[in-house]
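Taking it in order: structure first as structure tokens, then the write-up.
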Amino acid sequence: MTEKIIRNGTVVSLDPDVGTLEEADVRIDGGEIVEIGHGLTASNAEVIDASDQIVLPGFVDSHIHLAQTQVRGIAGDWSLMGEYFDHMLGNITGLYRPEDMYLGGLFGALEKLHTGTTTALDWSYPNTLEHGERALDALKDVGLRAVYTYGPPGDDAAKWWFESDVGLPEANIRELHEEKIRDDDLLSLALGLRGPDFCTDETARRDLELARELGALSTVHMGAALWPSSVYGGGYQGFGAIKDMLGPDVNVAHANHFAQDDVQHAVDQGVSFSSTPEVEMQMGHGIPVTKKVLDAGGRVSWGVDVCSNISGDMGSQMRIGMQVQRMFENQEVLESDEEVTAVQTTARDTLEFATIEGAKALNMEDEIGTLTPGKRADIILIDANDFTTAPSHSPIQTVVFQSDPSHISTVLVDGDVVKRDGELLNPAVREEFDRFVDSGRRLIDEAGIDL
Ligand SMILES: [Zn+2]
């Protein structure tokens with residue numbers, strides 16, 4: 001049955017032309033949203049009852065390292081420059097076998113679907129071609145829509161990070177693209193650039209040129225630590241060697257140390273920003289870039305980033321990122337000796353950052369991010385009639401402030417139901433669970449990290 005009708009829900013489309021509709025239906029055919037309205041009919045459609053449910057686009061996580069899922073709960077008290085680089089990139093990542101990439105990616109992707117994220121940019125550190133293949137197998141077996149990001153291998157931090165002059169492994173990237181990505185409807189390719197913070201200027205430019213040649217998104221960790229300024233002097237250098245190469249196919253994660261001028265330049269060039277507020281505030285990256293981007297007339301997207309620290313749930317990022325932004329906005333008013341009489345960044349803003357802005361950051365806004373006829377049917381249903389969510393007077397506020405993953409009842413990716421009545425349908429949740437736990441235990445044991 002290719003046709004489905006999601007019946008009688010509160011549809012929060014986030015598309016200004018569609019709006020929010022009460023007791024409305026969404027008709028899906030062949031994985032595409034074909035109609036949104038009242039009293040829709042289709043003779044052969046599977047009906048999904050959405051009474052007392054809020055129907056909205058799936059969340060888009062624009063920056064996460066899914067393969068760290070089986071080492072979750074180790075980095076919650078770590079800083080970036082104190083422990084993370086040494087323990088994670090300098091030790092644990094090198095111990096990953098291809099099967100560990102599979103199991104981490106598998107359960108990371110399952111957690112994404114369970115918590116309402118239907119698309120994620122998965123920043124991967126594949127030590128070999130086979131590591132990349134297994135990471136992609138996991139995404140395929142789960143059926144998450146994903147931008148698989150081929151980053152620097154995790155086997156040798158000195159070779160691939162800091163002032164590296166070794167380009168990303170081009171032959172592996174081309175082979176994976178051909179073999180596993182190009183013909184898959186749910187997968188696309190990005191290159192995980194070291195950028196000027198972590199490799200030589202020439203290497204940073206060459207990696208970006210390679211991404212462009214492959215038609216891939218470039219995503220780069222930048223401005224998350226002060227250390228480049230101690231190398232180059234004169235404060236954080238901003239885009240440095242790639243400043244004249246920016247465009248809408250460049251995505252920057254973090255950017256905490258960027259000057260307002262650099263953010264403005266990036267926004268003007270169509271560069272997207274992934275802010276990962278919870279991890280950034282914990283690990284010492286600095287103040288989230290949100291305010292600078294909004295002040296420059298841009299918008300941000302949210303990411304979970306390091307799931308060895310924190311939950312993969314995007315709801316946390318929506319709330320934390322928004323409330324921090326509000327704190328700064330309010331403080332600015334108070335410091336001018338005025339009372340705060342209006343909140344600036346709204347619940348709708350943060351929900352958009354978690355959906356349509358994520359889609360834009362990944363250059364997928366024509367496909368996903370809103371409930372719009374013609375887009376793919378990546379849809380989640382949230383129970384608005386639970387004793388912890390009801391009564392729902394404003395659906396967007398219920399989603400942002402009251403709901404958590406336990407309220408996400410149903411999830412569809414590309415029109416396929418992957419979670420129903422609160423349960424993931426993929427049997428891997430049970431069948432692979434023991435192997436997943438064993439993988440995490442082995443990695444921590446072999447790394448010899450004292451927790
Ligand atoms: Zn990251």
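Give the angle, between 0 and 90 degrees and rounded to the nearest 10, that separates the Cα long axis of helix 433-447 from the longest principal axis of the Cα atoms of the chain. That helix lies at roughly 20 degrees to the long axis. Projected over every direction and averaged, the convex hull enclosing the alpha-carbon atoms of the chain yields 21.6 nm².
Using R0 = 35 Å, the C-beta based FRET efficiency linking F433 and E46 works out to 0.75.
When Rg and the Kirkwood radius Rh are both evaluated on Cα atoms of region 326-451, their ratio Rg/Rh stands at 1.11. Straight-distance candidates among the lysines for linking to K292, with alpha-carbon spacing under 21 Å and chain neighbours fewer than 8 residues away dropped: K243, K360. Our coupling estimate for region 49-65, obtained by passing each phi through the Karplus curve with A = 6.51, B = -1.76, C = 1.60 and θ = phi - 60°, is 6, 10, 4, 6, 10, 9, 10, 8, x, x, 6, 10, 9, 8, 6, 8, 10 Hz, Gly and Pro reported as x. Note on R174/M81: beta-carbon distance plugged into 1/(1 + (r/R0)^6) with R0 of 45 Å gives a FRET efficiency of 0.85. Bridging of K112 to lysines at a Cα separation below 18 Å is possible for K140, K419, once same-chain residues fewer than 8 apart are set aside. Which of the listed residues, Y148, G132, G238, is farthest toward the dipole's positive end in the chain, when Lys, Arg count +1 and Asp, Glu count -1 at the beta-carbon? Looking along the dipole axis, the top candidate is G132.
Angle of helix 314-335 to the longest C-alpha principal axis of the chain, folded into 0 to 90 degrees and rounded to 10: 80°. Rounded to the nearest 10 degrees, the angle from helix 201-214 to the longest Cα principal axis of the chain is 40 degrees. Rounded to the nearest whole angstrom, the semi-axes of the ellipsoid equivalent to region 283-323, taken from the Cα gyration tensor as √(5λ), stand at 20, 12, 8, largest first.
Provide the gained length on full extension for the span D421 to V340, in nm with one decimal, where the gain is 0.36 nm per separating residue minus the Cα-Cα distance.
Here the segment from D421 to V340 would lengthen by 24.9 nm.
The slack in the chain from R212 to A259, taken as 0.36 nm per residue of separation less the alpha-carbon distance, amounts to 14.3 nm.
Label positions at A390 and H38, each projected 7 Å from the Cα along the C-beta direction, are separated by 2.3 nm.
Work out, step by step, the length gained on full extension between F162 and E22: first 0.36 nm times the residue separation, then minus their alpha carbon distance; give nm to one decimal.
On the way: separation 140, 0.36 × 140 = 50.40 nm, distance 5.31 nm.
Taking 0.36 nm per residue and subtracting the Cα distance, the gain is 45.1 nm.
Since every read-out is calculated from the coordinates, none of them should be taken as a lab result. Because the structure is predicted, anything quoted here is derived from the model rather than measured. Neighbour counts are summed over all protein chains in view; Cβ atoms, including those assigned to glycine, are modelled from backbone coordinates with ideal geometry.
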